[in-house]
């Protein structure tokens with residue numbers, strides 16, 4: 001039996017780790033954090049966007065999902081072999 005619900009992907013979910021249980025938030029990701037080179041660093045909901053500042057070293061951009069997609073966003077970076 002096929003499901004009519006769209007399949008959720010990693011880029012759809014906030015990856016901020018919550019205090020206590022070491023698991024991601026998993027709320028809808030509205031923002032994408034990327035290096036100026038285009039490397040995707042993480043995905044965040046609006047609530048956890050400020051918390052990323054202490055987790056990422058070096059320069060990065062905070063883009064809305066729409067802007068990230070308009071720039072040709074995709075899974076790029078050392079973790080994905082590019």
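The values are calculated or read from the model by the stated rules, or taken from the named source; none is laboratory data. In this text, all values refer to a predicted model and were calculated from it rather than measured experimentally. So basically every Cβ, Gly included, is an ideal-geometry build from the backbone, and we count neighbours across all protein chains shown.
Checking the stated criteria, residue 57 turns out not to satisfy the condition of being modelled with pLDDT of 85 or more, loosely packed, with under 15 Cβ neighbours inside 10 Å and touching a helix residue (DSSP H, G or I) at 6+ places or on another chain (Cβ under 8 Å). Whether a residue is part of a loop (DSSP other than H, G, I, E, B) and modelled with pLDDT of 80 or more was assessed, and residue 46 passes this test. Could you grab the pairs with beta carbons closer than 8 Å, sequence gap of 6+ or different chains, first residue in the stretch 10-39 and touching a residue at least 12 places away in the same chain (Cβ under 8 Å) and at positive phi, second one in a loop (DSSP other than H, G, I, E, B) and crowded, with 17+ Cβ neighbours inside 10 Å? As it stands, the answer is 26/14, since those pairs meet every condition given. Checking residue 64 against (1) modelled with pLDDT under 90; (2) out of contact with any helix residue (DSSP H, G or I) (no Cβ under 7 Å at 6 or more places or on another chain): exactly one of these is not met. Which one? Only one criterion in (1) modelled with pLDDT under 90; (2) out of contact with any helix residue (DSSP H, G or I) (no Cβ under 7 Å at 6 or more places or on another chain) is unmet by residue 64, namely (1).
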